[in-house]
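The values are calculated or read from the model by the stated rules, or taken from the named source; none is laboratory data. Every value quoted in this text rests on a predicted model; they were computed, and no experiment measured them. When we count neighbours, we look across all protein chains shown, and the Cβ atoms used for this are built from the backbone with ideal geometry, even at glycine. The area values use the complete protein model at the heavy-atom level, side chains included, leaving out ligands, DNA and RNA. Shrake-Rupley method; radii C 1.70, N 1.55, O 1.52, S 1.80 Å.
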Amino acid sequence: LGAWGKKVSVKEVVFDSAVADIQWFGADQQTVLVQTANGRLYKSTNGGDRWNEITDQLKPTENGPPIVVDSLSKSPADEDTVVVVGKEHTHFISSNGGATWRRVRQRSKIHTFLFHKTRPKWALLSTWTPSCEGAPPKRRSSTDDDQDADADDGGPCNHMLYLTKDLGKTFSLVTSYVLQFSWGSPDRKQEDRIYLTHFRSKSGDQPRLHTWSNEVDFGYSDDGGRKINRLVSHGNKFLISHNFIFVAKLKDMKKQTVSLLTSNDGGTTFRNAKLPVELDEKSYTVLDTSEGAVIVHVNHGSPEPPYQVGNVYISDAEGVQFTLSLPNNVRSSSGDCEFDKVLSLEGIYIANFKDAPKTDSDSDGKAEVVVSQRAEAAKEAERLEEEASAGTEVDRRRSPKAKNKDESIVRTVITFDKGGVWSYLKPPKVDSLGKKLDCPPDKCWLHLHGITNFHNYAPFYSTENAVGIIMGTGNVGPYLRFEPDQINTYLSRDGGLTWVEAHKGAFIYEFGDHGGLVVMADDIRKTKQVVFSWNEGHSWFDFDLSELSLEVDNIVTEPNATSTKFLLYGTRGDAGVMYHLDFEALGQPLCKGVWAADSVSSDYETWSPSDGRGSEKCMLGRQVTYTRRKQEAECFNGEKFERPVTRKNCECTEENFECAMGFARKVGSMECKFADDGTIPIPPTCTSSDYFHAIAHRKVVGDSCEGGWQPSKVAVPCPASARLSRGAMSVLGTVFMVSAIMGAVTFLSRSERFKGVFANYGFDTFGTVQYTTIGGKTPETALDSCGTRFDTDFIEGDQDDFEADAPQLMQYTGGGDRDRGNERDRDFREGRRAETAAAQVPKLAKPPGGGGGGGDDDGMDLL
């Protein structure tokens, strides 16, 4: 800035308290409303340059006090229509961007106000009846004489749903005992339909839905509530997104599990979502439906670490068949998931997952995605066994394992093909100071913080008009760190393929001028400084806001992110502070040559996103080419800039396919491995020792590739529970017969009736044999009992050779070195005694780590 001699225009305004909400209105987005934490309302008609407080315009009576603002709600059908919901029983609405206000004729506390998607004057409004407030209804004091002031004062506590078709002048009751409600989708021409979940019984106080209930149904009304049509019994919660309707239906009341139903035909038919694993499903978060497929996060309620995670599944085009895309996706207790779409590009998502610490057997550092049901069952059995043997809770707490925290660690991954393949973020080569980052390749990735930790660090962030630009706060290393001194701010301008460290420390950020302008401020410490870049992070400049520091809460610009004007707000003590930053004062000219991109005279270049694998830069089966400003061009795009985009289809490769049901990939791997989760139909001819063939891949929904690589069937082992083959049956039959014969012989030999027969059988043929007295004549040594030996040289001279060839028995109970000659003699004596003593010698378990010397033990009991 100093070299240019130019300055950014900065204007400050102080509010009564911190900024709680900010909304833009009007076709030109110049009208801005700010709600503060104390419920005051401020308005600007020039994009935030100058402000006026308008709370006094919101009075129920001319001489009464103004309302305390609870929330703002903007109509999606009209840029100038807004409703201001008061904390008590008075609310106002404006249809001209806040120039004039009219009171809403609804005297209850508004719980939810939902504008119609295409009709500016239609809206749904829900309230809890006055009896829910705890005080006796008839004792509620009121100075108002409106005809509808006490219309619903009596009766039990319940949630009422109303419909207005004249912007709050009149209301009609849709139904009572409501849980959720929503307008239908315009994509299905159901924009006037009201979908809702409600309690079947309409009497008594309405229970709060703290748990899944079997008294709740999902239905709809096409006539404002005169008739409620039931669609799903026990449907507790629902979501409408694009062409899909999702319903969470109670499955087991005792276990509190639910099943997910989906419909892609406007609710005419619902089908159970088929997940690849039979796990309990506690709740769902629909992550995205914008690209034809359903991406859903399922909370399975893990009984062991890692906690607060769920699996991410991706559906087929019908939203029914789901495959596992990413396990252990980080989630919060409120259902927020660290999973986000890069809004400016197709098929790119960034997510955080909890991974187990790396072990020696996991030398490649990749997270194992393939999970076997039988392996999970074994883990559960092992866990129960450990709990049983660990003793009391105090014992478990004092055990070495209990001293460790949840050993799972958080890592960041990215997919360029809508969840087909996940890989780690590539780290920058140097930091923001130019110093080379030195870390082992198997422990060197970039990790970014997500939405569940937004109160500490800014989450990864992108906008639709800033093509390819992503920012986030995190660190380089084997896993995500949470210490403030380890966190830095990072930027990518190629859709997440490569990254640079933008600044040391954790910053809050915003994009303007279609991504050509980036503005940041310190997000951890008090600051009076703003950092910005007009060339997409290639160089950075800073300036002071004022002489006084503030704690920055956020930096925002109008919703399209095309302006060069920003609003930075935060707090200084108890007061709210906002700065209007105008970068047009830098005097940058408008860029030229948009239709001559890549030429020397043009300020623009063409760019195609890539996953870094292929040379054609194809993603989702097509090469998309964007026109963007050259990074070092000293100009602004301007708010009216329209970005040229071209598309062409590519030849299919393996990357255009994701794993089919029953198969899964590791993070960073292309191979679809058999998941052994029971979702693949087993052919009736399959035997336990045989294989069958199945398709392991399916084309990614929305992928437009043509020709090229096509998946072939892969060999899949038949499950152990399958029927036995003929060979196996024959072997088992033979074993059974032999066992039966041996068992019969054993039984008869132990019988008193037949014992004599078995004991003396065959001895009658030796009646003429004469027996000597035992011990009458004994050999002097054990060697003599073996007969005369003539090879004395072998015995004496080659003793070492003999011992080297003999099997060695290891002694496990002490001893020390023994005399080799005595040892050999004892070996002979031991060998002879074994003939009579073997039956009484117990078998010894094989010692840990193997045993003994080499050679054959001829079936010895010592193992």
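Here the 3J(HN,Hα) profile of region 657-662, calculated from phi with Karplus coefficients 6.51, -1.76 and 1.60 at θ = phi - 60°, is 10, 10, 6, 6, 4, x Hz, Gly and Pro shown as x.
Rank these residues by their accessible area, most exposed first, probe 1.4 Å: Y220, Y691. Walk me through the numbers on the way to the answer.
Values: Y220 40, Y691 135 Å².
So the residues, ranked largest to smallest area, are Y691, Y220.
Here the convex hull built on the C-alpha positions of region 213-364 has a volume of 142 cubic angstrom per residue. Spin-label pair M670-S241: with each label point 7 Å from Cα along the Cα-Cβ axis, the two points sit 3.0 nm from one another. Here the gap between E88 and L433, fully extended at 0.36 nm per residue and compared with their Cα-Cα distance, gives a gain of 118.8 nm. Remark: region 608-704 projects, on average over all directions, an area of 9.9 nm² (convex hull of Cα atoms). Take the alpha carbon gyration tensor of region 467-544, find the square roots of its eigenvalues, order them as a ≥ b ≥ c, and report rounded if a/c is under 1.5; if not, report prolate when a/b exceeds b/c, else oblate. In terms of gyration-tensor shape, oblate. Seen through its C-alpha gyration tensor, with square-root eigenvalues sorted a ≥ b ≥ c, region 527-568 comes out oblate because a/c lies at 1.5 or above while a/b is not bigger than b/c.
Applying 0.36 nm per residue to the separation of H693 and E483 and subtracting their alpha-carbon distance, the gain on full extension is 70.6 nm. Residues whose amide H lies under 5 Å from that of M619, counting only those 5 or more places away or on a different chain, are V624; hydrogens are built 1.01 Å from N in the peptide plane.
Using a Förster distance of 22 angstrom, determine the FRET efficiency expected from the C-beta separation of N560 and E584, and round it to 0.05. Spell out each step's value before the answer.
Values: r = 16 Å, r/R0 = 0.73.
That gives a FRET efficiency of 0.85.
Each residue, S233 and H455, gets one label point 7 Å from its Cα in the Cβ direction; the gap between the two is 4.3 nm.
Karplus-based coupling profile of region 440-457, in residue order and whole Hz: x, x, 7, 9, 10, 9, 9, 10, 10, 7, x, 5, 5, 10, 5, 6, 10, 9, with θ = phi - 60° in 6.51 cos²θ - 1.76 cosθ + 1.60 and x standing for Gly or Pro.
Relative contact order for region 459-610: what is it in percent, counting Cα pairs under 8 Å that are at least 6 residues apart? Normalised by residue count, the contact order of region 459-610 is 15 percent. Projecting the Cα atoms of A458, L448, G537 onto the dipole axis of region 427-558, where Lys and Arg carry +1 and Asp and Glu carry -1 at the beta carbon, places L448 farthest toward the positive end. For the residue pairs K617/K673; K43/K565; K429/K630; K189/K237; K255/K354; K341/K713, alpha carbon separations beyond 28 Å are given by K341/K713. The P(r) of region 396-544 has a tail past 27 Å containing 25 percent of all C-alpha pairs. With only Cα atoms counted, region 156-195 has Rg and Dmax values of 11.9, 38 Å. FRET efficiency for the W595 to E464 pair, using the beta carbon distance and R₀ = 22 Å, is estimated at 0.50.
Overall form of region 177-300: oblate. Here a/c, set by the Cα gyration tensor axes a ≥ b ≥ c, is 1.5 or more, and a/b is not larger than b/c. Shown in residue order for region 185-194 are the 3J(HN,Hα) couplings computed by the Karplus curve 6.51 cos²θ - 1.76 cosθ + 1.60 at θ = phi - 60°: 8, x, 4, 9, 6, 10, 4, 8, 6, 10 Hz (x for Gly and Pro). In 10 Å bins starting at zero, report the fraction of Cα pairs in region 533-673 per bin as a rounded %. Result, from short to long distances: 9, 25, 24, 20, 17, 5, 0 percent. Under the combined filter of DSSP loop state and at most 16 neighbouring Cβ atoms within 10 Å, region 209-248 retains these trypsin sites (Lys or Arg not before Pro): R226, K227.
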